[in-house]
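Each remark here refers to the structure printed beneath this line.
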Amino acid sequence: MADLRHLSPLGPGFAALQAGRCTLAERPHRAKTGLRPFRGRAAALSEVLGGPLPAPQGRAETPHATLLWSGRGAWLALGAEAAALAPRLHGLAGVTDESDAWAELILTGPDAEAVLARLCPLDARSLTPASAAPTELAHSRALITREGEGFGLLLPRSSAAWTVHEIGAAMRSIAAQQGLGAG
Amino acid sequence: MSRLASGGLVDRSRRLSFTFDGRRLSGHPGDTLASALLANGVRLVGRSFKYHRPRGIFSAGSEEPNALMEIGVGARRTPNTRATRVMLTEGLVARSQNAWPSPAFDLMAVNDLAAPLLGAGFYYKTFMWPKSFWERVYEPLIRRAAGLGRLAGQDDPDVYDQAFAHADLLVIGAGPAGLMAALEAGEAGARVILADEDFTLGGRLNAETAPLAGAAPHAWAAHTVARLSAMPNVTLMPRTTVFGAYDGGMYGAVQEVAGHLAAPPEGCPRETHWRIRAQAAVLCAGAIERPVAFPGNDRPGVMLASALRSYITRFGVAPGQRVAVFTNNDDGWRTAQAVEAAGLTLAALIDSREGVSPPTLSGRVITGAVVTDTAGRRGLTGLTLRAGSRTEQLAVDCLAVSGGWNPTLHLTAHLGGRPEWDPGLAAFVPSAAHVPGLRVAGAAAGVFTTAGALAGGQAAAAEALAELGRTAPGLPLPEAEDMPPRLTPLWAVPARGRAWVDLQNDVTTKDIATARDEAFGAPEHLKRYTTLGMATDQGKTGNVLALGVLGALTGRGPEEVGTTTFRPPYTPVTLAALAGRHARGAFQPVREAPSNALARARGAPMIEAGLWKRAAYFPQAGDTSWRDACDREVGFVREAVGVSDVSTLGKIEITGPDAAALLDRVYTGTFSTLAPGRVRYGVMLREDGFVFDDGTTACLGPGHYVMTTTTANAGPVLRHLEFCLQVLWPELDAVCASVTEGWAQFAVAGPKGRALLERVVAEDVSDAAFPFMACGSVSVAGVPGRLFRISFSGERAWEIAVPSGHGDALARLLAEEAEALGGGLYGMEALNVLRIEKGHVTGAELHGRTTAFDCGFAKMMSSKKDYIGRAGAARPGLNGPERAQLVGVKPVDPGAKLLAGAKFLNRGAEAVAAEEQGDLTSVCHSPVLGHMIGLGFVVNGRARRGEVIRMVDLLRGADIEVEICAPHFVDPEGERLRG
């Protein structure tokens, strides 16, 4: 029986986008697990995870995963495998394997904030290393984090290619406008 | 030439060449197109809308009603652009509008002779007879004569951008009030955005000469702008018009980026639409001068007095050599002084007021006088004035008119604020409460002195800073003029002849009187009856004047008359800018199903299902039409094995101790009895008893379910479940998660389906191990996946799911295996044929107006439990023979075409709504049966099988006989399903 090749949401061989002083690169694929604790089970869930669940719009690091708040009563654990977690979370939470449901990208460069402003209504200044912001990006959804001076973007898989194209257009727009100079 | 020997802020060391109506002209950097035209002695720039009267440049700002040009060539040609707002650039191409063959000689000026027929509301009174002529003759003629500029008629090659910005303080307008506000807030460390529609910041400081901080006002403006540019917390946005105030501190703005360039760099937007979220804002948009209405006040050469000052002082241009000034207020005197300071001849300063003392001038000063007429068809040559009983004529080539100032308060009214009349100023000023978070300063607030504007801007910023928790630095205010101008209202000069109020739409004082006489005297009626204020200048120079005229006619002041309201945008905004990048193919996000790369490689056309792209069919060499492919794919499924991508259907995982209870409450059927490893079909109703969605729910383990929904309802069903859990039953302990993105899912259907499955699934998939409606975790080509034995096609079928990252690979593997078995991929067209043949309903039937009873689901409605919609569905009128019920139909003539959307009528019935028996919702050609079949709803349909009725479509001209039958055309007993 043949092996089923695993593809990134952006297709095979996605090369980082570069325009002006900005780069958009795909992060290496890693496991992602959706966690939704049952009533009154958040504390027990935290114990299994080895760290408290972050507050709304928050991000927390635990020994085995990065936890991002992703919505009401929902968290996304980056770097944690659903199959490994599920047995320990039986009766505590709904567990979904979201490893393939998201494209993970990182936007860096001095113009990253200006590019994000073309796409997202969120105030980039409000994003700290402890932030996880589910928001709108180019008329689609995104979960945005701060990565150093740049931004981490989690995009739903099925529209990731389209969204990446839109980010590229915004990057080129910023770069082209800088070429205009003052005035 | 009319360029002054010296003066102005233009860069005289460089020349820019441009063309106007084909003539090569030149100007300087810092010119607008209007100032450059005036510098070249061009006074006639177009023709008015209705009467095609010659028009000249009237103002120096965005309130310009006359100088509308087409700018650019080819696909980038843009009509209705105000020359007063166009930054002059090298190679600019401009053309006048609404004049043929030229502004100097316009054939349509014949309209002016017909003026008595074209007064206010003419299209309600004239061109009425004969009645048949309206649609055939008059309307097309009027339509062709209407409109000003022409669209390019080609695809717009420019790109447009959109962006969001955030600020502690948004300052709208960079005149003295705005610059001071920005400075005060900037020095306090606040995040400031200063926006101005002009390319040179400074507002009227660039057009006045009264000293500011002991020097020319423009010097202080330039120095302040430099100071602000150096502050990292201040963002300057020139060429940016804040066009609207919206809820929640949001402001809309459009920034001109590359429109002025003949060839913008690749990817560079022409304009950017900004949405600015500001904690606080200050409106420092200044004021717009209003004219006086007097006979002949529309000739080229008649302009606003402050505009004349702007052309002299900012641009170093003389719009005329022999100038008269007509004013009712002190500000007009400044124009007279500017005329003489520039070395031009002041023919006369004509002040309508008695007992005032204008300053000493070389030219004549006449008080208590009014202008009663002008002369000069294509350009002003003279005027007639009247002082008491004496009349006199003067030769002039420019008449500067000042009737007072109107604060630019439009944004304060965008959220329902109503301006108030200030009788002392004879102007409307912003009311106290208008837009939350927005303050007003300077002339926009009715403070008409420079000192007052500086102080007001600083005070507004200080108040905003206090609210933001910051300390205002209290910067020292520069010394500036502080002479409040006095005014005596004069709206219209009593004299014979047409006096213009709206220059663009050709509305005169006579039209206002006519409207009042015909009982359209309320401002909202007046506006629409006369079209005053409805041109592209939105009545900026005419509206208040019109209210004054109306008030004078009715013996009331403007405060009693009231005013029309203001809505965004402040100045016209291109639709392309509002669309930004989301135009054409990028209009909305595109969602790709996992097998789409393979489908496209096979040449499959893609159709849209909501935001998803799905393969329609898979063409092969030799196909003559899509039907060949569709029929072939139906054959795969009915005779061998077909594979289709069903990943787009919604998938929701529901877990928790009360998951089963939730399912029982949202579905009509019982799911708490569903055992692990089993799947059940479910119907979901709305509260009112109508069908919301249908799908299957699988039990993967105790308290663990996966629900599928239709593609279109994936989001709505999830929202519905969340509403149930958060609002209706917060006591239920269950959670829902959308997993549509995470799974690639394929239908494998047909008699050879099991043979295919055995080649990719590790586990035993025999009937014994995996009967109909079973489900479970399986290993698919080495990858952990899920298998569901369910069928939409009516054949023996499964749906096989793997994590979406493996979807493309699985699709290729399944296609290969299917083809080896004599089958292949099938697309949406074949999928639709298969399900119609089996009588399975989709969104075409579940469109929100059908009940479970209508669709034949009555047996699925449990009598043992309550569920959403149960009570609603039991209401009288929703059950019984009066309902249109799901049936199948086939044409009596097998060669006839069925049309989805057609209506059913009984034989012999009149084709009217009262006789309607139902409608046809889905049709297809069935390759199995060899003719068209359809699903639809017919009144009492289930009892009428075998009856012949008519299918009627009046729009497409069809009226054929059809036979009502059961909705299951192929394998009605469902034998093939269970194997």
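Go through A:ALA25, A:ALA55, A:ALA44, A:ALA60 for me and flag whichever is in the same structural domain as A:LEU127 (by TED's automatic domain parsing) and modelled with pLDDT of 95 or more.
Numbers: A:ALA55 fails: in the same structural domain as A:LEU127 (by TED's automatic domain parsing); A:ALA44 fails: in the same structural domain as A:LEU127 (by TED's automatic domain parsing); A:ALA60 fails: in the same structural domain as A:LEU127 (by TED's automatic domain parsing).
Criteria check complete, one pass: A:ALA25.
Go through (1) surrounded by fewer than 23 Cβ atoms within 10 Å (Cβ to Cβ); (2) touching a Gly at 6+ places or on another chain (Cβ under 6 Å) and name the single condition B:ARG299 misses.
In the conditions (1) surrounded by fewer than 23 Cβ atoms within 10 Å (Cβ to Cβ); (2) touching a Gly at 6+ places or on another chain (Cβ under 6 Å), B:ARG299 misses (1) alone.
What are the residues in the stretch B:725-767 that are within 14 Å of another protein chain (Cβ to nearest Cβ), under 41 Å from the mean Cα position of the chain (by Cα) and part of a helix (DSSP H, G or I), if any?
Of everything in the stretch B:725-767, those that are within 14 Å of another protein chain (Cβ to nearest Cβ), under 41 Å from the mean Cα position of the chain (by Cα) and part of a helix (DSSP H, G or I) turn out to be B:LEU725, B:GLN726, B:VAL727.
Of the conditions (1) in a loop (DSSP other than H, G, I, E, B); (2) free of Cβ contacts under 8 Å to residues at least 24 places away in the same chain, B:GLU816 satisfies every one except a single condition; which number is it?
(1)
Which of the residues spanning the stretch A:133-159 are of a type in the set (A, V, I, L, M), in contact (Cβ under 8 Å) with a residue 60 or more places away in the chain and within 12 Å of another protein chain (Cβ to nearest Cβ)?
A:LEU154, A:LEU155
For the stretch B:639-654, give me each residue that is charged (D, E, K, R), buried (at least 21 other Cβ atoms within 10 Å of the Cβ) and either away from every other protein chain (no Cβ under 14 Å) or closer than 19 Å to B:ALA604 by Cβ (or both). So that I can check it myself, show each step before the final result.
Step one: list which residues in the stretch B:639-654 are charged (D, E, K, R), which gives B:639, B:645, B:651, B:653.
With the extra rule that they be buried (at least 21 other Cβ atoms within 10 Å of the Cβ), the set shrinks to B:645, B:651, B:653.
The answer is B:ASP645, and nothing else.
Without any contact (Cβ under 8 Å) to a residue 40 or more places away in the chain and either aromatic (Phe, Trp, Tyr) or under 30 Å from B:LEU663 (Cα atoms) (or both): does that describe B:PRO876?
Details: without any contact (Cβ under 8 Å) to a residue 40 or more places away in the chain: yes; either aromatic (Phe, Trp, Tyr) or under 30 Å from B:LEU663 (Cα atoms) (or both): yes.
When the stated conditions are applied, B:PRO876 passes them.
Go through (1) surrounded by fewer than 20 Cβ atoms within 10 Å (Cβ to Cβ); (2) in a loop (DSSP other than H, G, I, E, B); (3) small (Gly, Ala, Ser) for B:GLY267 and report which single condition fails.
(1)
Going through B:ASP511, B:ASP506, B:ASP502 one at a time, which residue ends up being in contact (Cβ under 8 Å) with a residue 12 or more places away in the chain, closer than 30 Å to B:ASN80 by Cα and over 30 Å from the mean Cα position of the chain (by Cα)?
Values: B:ASP506 fails: over 30 Å from the mean Cα position of the chain (by Cα); B:ASP502 fails: over 30 Å from the mean Cα position of the chain (by Cα).
Answer to the selection: B:ASP511.
Tell me which residues, restricted to the stretch B:274-298, are closer than 28 Å to B:GLY248 by Cβ, assigned to a loop (DSSP other than H, G, I, E, B) and not small (Gly, Ala, Ser).
Passing the criteria: only B:CYS284.
List pairs: first residue in the stretch B:261-273 and more than 7 Å from chain A (Cβ to nearest Cβ) and closer than 23 Å to B:PHE243 by Cβ, second residue among the small types (Gly, Ala, Ser) and part of a loop (DSSP other than H, G, I, E, B) anywhere in the structure, Cβ distance under 6 angstrom, at least six positions apart or on different chains.
Sorted first by the residue in the stretch B:261-273, then by its partner, the pairs are B:PRO264/B:ALA258; B:ARG270/B:ALA258; B:ARG270/B:GLY259; B:HIS273/B:GLY580.
For the stretch B:923-948: of the residues being in contact (Cβ under 8 Å) with a residue 60 or more places away in the chain and open to solvent by less than 40 Å² (accessible area, probe 1.4 Å), which is nearest to the chain's Cα centre (by Cα)?
B:VAL923
Is it fair to say A:ALA130 is more than 7 Å from chain B (Cβ to nearest Cβ), surrounded by fewer than 21 Cβ atoms within 10 Å (Cβ to Cβ) and at pLDDT below 95?
On the way: more than 7 Å from chain B (Cβ to nearest Cβ): yes; surrounded by fewer than 21 Cβ atoms within 10 Å (Cβ to Cβ): yes; at pLDDT below 95: no.
Against the criterion (more than 7 Å from chain B (Cβ to nearest Cβ), surrounded by fewer than 21 Cβ atoms within 10 Å (Cβ to Cβ) and at pLDDT below 95), A:ALA130 does not qualify.
Out of (1) open to solvent by 40 Å² or more (accessible area, probe 1.4 Å); (2) part of a helix (DSSP H, G or I); (3) small (Gly, Ala, Ser), the odd one out for B:GLY715 is which?
(1)
Select from the stretch B:146-174 the residues that are touching a Leu at 6+ places or on another chain (Cβ under 6 Å) and either within 14 Å of chain A (Cβ to nearest Cβ) or small (Gly, Ala, Ser) (or both) and list them in ascending order.
Hits for the stretch B:146-174 are B:ASP168, B:ALA174.
Tell me, yes or no, whether the stretch B:471-482 has at least one residue that is in a loop (DSSP other than H, G, I, E, B), over 29 Å from B:THR209 (Cβ atoms) and touching a Ser or Thr at 6+ places or on another chain (Cβ under 6 Å).
The answer is no, given that none of the residues of the stretch B:471-482 is in a loop (DSSP other than H, G, I, E, B), over 29 Å from B:THR209 (Cβ atoms) and touching a Ser or Thr at 6+ places or on another chain (Cβ under 6 Å).
Restricting the stretch A:165-175 to residues that are among the aliphatic types (A, V, I, L, M) and open to solvent by 10 Å² or more (accessible area, probe 1.4 Å), which is nearest to the other protein chains (Cβ to nearest Cβ)? First the steps, then the outcome.
Within the stretch A:165-175, the first condition is being among the aliphatic types (A, V, I, L, M), and the residues that meet it are A:167, A:169-171, A:174-175.
Subsequent filtering for residues that are open to solvent by 10 Å² or more (accessible area, probe 1.4 Å) retains A:169, A:174-175.
Details: A:ALA169: 6, A:ILE174: 9, A:ALA175: 7 Å.
Only one residue fits best here, namely A:ALA169.
Could you count how many residues in the stretch B:789-810 are more than 10 Å from chain A (Cβ to nearest Cβ) and either closer than 24 Å to A:TRP102 by Cβ or hydroxyl-bearing (Ser, Thr, Tyr) (or both)?
The total comes to 5.
Can you go through A:GLY11, A:GLY51, A:GLY40 and tell me which one is touching a residue at least 12 places away in the same chain (Cβ under 8 Å), more than 17 Å from B:PRO803 (Cβ to Cβ) and assigned to a loop (DSSP other than H, G, I, E, B)?
After applying the criteria, what remains is A:GLY51.
Looking at (1) within 14 Å of another protein chain (Cβ to nearest Cβ); (2) in contact (Cβ under 8 Å) with a residue 24 or more places away in the chain, which one does B:THR842 not meet, given that it meets all the others?
All conditions are met except number (1).
Search the stretch B:589-623 for residues being open to solvent by 40 Å² or more (accessible area, probe 1.4 Å) and touching a residue at least 24 places away in the same chain (Cβ under 8 Å), and hand back the single one that is farthest from the chain's Cα centre (by Cα).
The selected residue is B:ARG602.
The values are calculated or read from the model by the stated rules, or taken from the named source; none is laboratory data. It should be emphasised that the depicted structure is a prediction, and the values quoted were computed from it without experimental measurement. With ideal geometry, Cβ positions are generated from the backbone for all residues, glycine too; neighbour counts draw on all protein chains shown. Ligands, DNA and RNA are stripped out before the accessible areas are found, and what is left, the full protein with its side chains, is counted by its heavy atoms. Shrake-Rupley method; radii C 1.70, N 1.55, O 1.52, S 1.80 Å.
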